[in-house]
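Shown next, in structure tokens, is the structure this report addresses.
The values are calculated or read from the model by the stated rules, or taken from the named source; none is laboratory data. Predicted model only: the values in this text are computed from it and were never measured. Positions of Cβ are backbone-derived with ideal geometry, glycine not excepted, and every protein chain shown enters the neighbour counts.
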Amino acid sequence: MQLEGKVYPPYRLKPDRALAAKMLAGQGLADAPTTVPPTYFIFLRGETRGVDLFTDLDIPREKALHAGQRYEWLAPIGWDDEVEVTARIASLAEKQGKGGKLWFADVEYEYRLLPARTLALRETTRLVKRG
Amino acid sequence: MTPLKQGDVVFDVTRPGASREQLALFSAGTEDPNPIHVDEAFAKRAGFPAVLQQGPMTTAHLGALLAERFGARLKSLDVTFTAPVFPGEALRLVARVERAGADLVCALAVHKQDGTQTARGTAVVRP
């Protein structure tokens with residue numbers, strides 16, 4: 001199956017204050033979140049919503065590393081907003097690292113505010129499979 | 001407020017090392033199912049000395065600090081993770097103005113207390 005370019009069926013998300021509070025507590029920040037944290041929307045939320053990247057890309061968890069993230073904010077997303085999320089495997093590449101072959105996958109997510117489907121956020125995550 | 005110029009430090013903040021409980025909270029908050037952040041035995045099987053702090057926690061620190069300073073003017077944030085972070089390791093997060101033009105471009109660097117760079121990146125801020 002051709003994975004590069006694969007687009008997953010869209011899923012919907014609403015920001016959840018309890019999850020945001022756990023993120024902040026994890027960061028050591030005690031205050032309750034007043035606004036939706038800038039990186040609240042994250043690719044990981046797609047894993048239980050049909051975007052099973054690790055299985056599709058055949059990356060066993062113990063061989064997976066996270067190489068980076070990119071966010072581009074285009075419009076604010078508030079607590080009462082609902083977004084539609086589309087994920088696309090943008091690129092796959094194999095590189096020779098110091099300790100053997102590394103395999104990179106860049107996956108792009110677009111978050112669109114409903115009901116108008118206004119593009120509000122782009123997120124790219126780079127996953128690595130160690131050889 | 002005086003406009004920022006090239007070389008200005010936007011922030012230079014040290015976050016204390018996170019506990020294993022904090023890592024578990026962050027995983028729960030981001031719906032991250034990867035046991036490598038919470039299961040010591042799993043992390044060791046994967047070749048690490050302890051559970052790994054989430055890269056997205058570094059991104060979240062940077063995003064929060066940038067949003068605190070620039071609010072909705074924050075346009076983009078690009079972060080590359082360069083070394084793993086383990087529980088208890090404090091992080092020094094620095095943003096410095098690289099270019100002040102139509103947009104403000106900030107260079108980001110995150111180091112552990114032993115000097116190891118654990119992330120680098122760029123943030124772009126609207127005028």
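Examine segment A:54-77 for a residue that is touching a residue at least 24 places away in the same chain (Cβ under 8 Å), crowded, with 19+ Cβ neighbours inside 10 Å and in a loop (DSSP other than H, G, I, E, B), and state whether such a residue exists. Scanning segment A:54-77 turns up at least one residue that is touching a residue at least 24 places away in the same chain (Cβ under 8 Å), crowded, with 19+ Cβ neighbours inside 10 Å and in a loop (DSSP other than H, G, I, E, B). As for segment A:85-92, it holds no residue that is within 12 Å of chain B (Cβ to nearest Cβ), at pLDDT 95 or above and under 16 Å from the mean Cα position of the chain (by Cα).
So if I check each of A:Leu3, A:Leu24, A:Leu44, which one is touching a residue at least 60 places away in the same chain (Cβ under 8 Å) and among the hydrophobic types (A, V, I, L, M, F, W, C)? After applying the criteria, what remains is A:Leu3. Residues that are touching a helix residue (DSSP H, G or I) at 6+ places or on another chain (Cβ under 7 Å) and more than 8 Å from chain A (Cβ to nearest Cβ) within segment B:10-40 comprise B:Val10, B:Phe11, B:Val13, B:His37, B:Val38, listed in sequence order.
Among the residues here, A:Asp56 qualifies as under 28 Å from A:Glu94 (Cβ atoms), of a type in the set (Asp, Glu) and more than 7 Å from every other protein chain (Cβ to nearest Cβ). What is the residue count in segment B:25-68 for residues that are surrounded by 16 or more Cβ atoms within 10 Å (Cβ to Cβ) and not in a loop (DSSP other than H, G, I, E, B)? So the count comes out to 24. Is it true that some residue in segment A:54-63 is under 25 Å from A:Phe104 (Cβ atoms), at pLDDT below 95 and among the aliphatic types (A, V, I, L, M)? Scanning segment A:54-63 turns up at least one residue that is under 25 Å from A:Phe104 (Cβ atoms), at pLDDT below 95 and among the aliphatic types (A, V, I, L, M).
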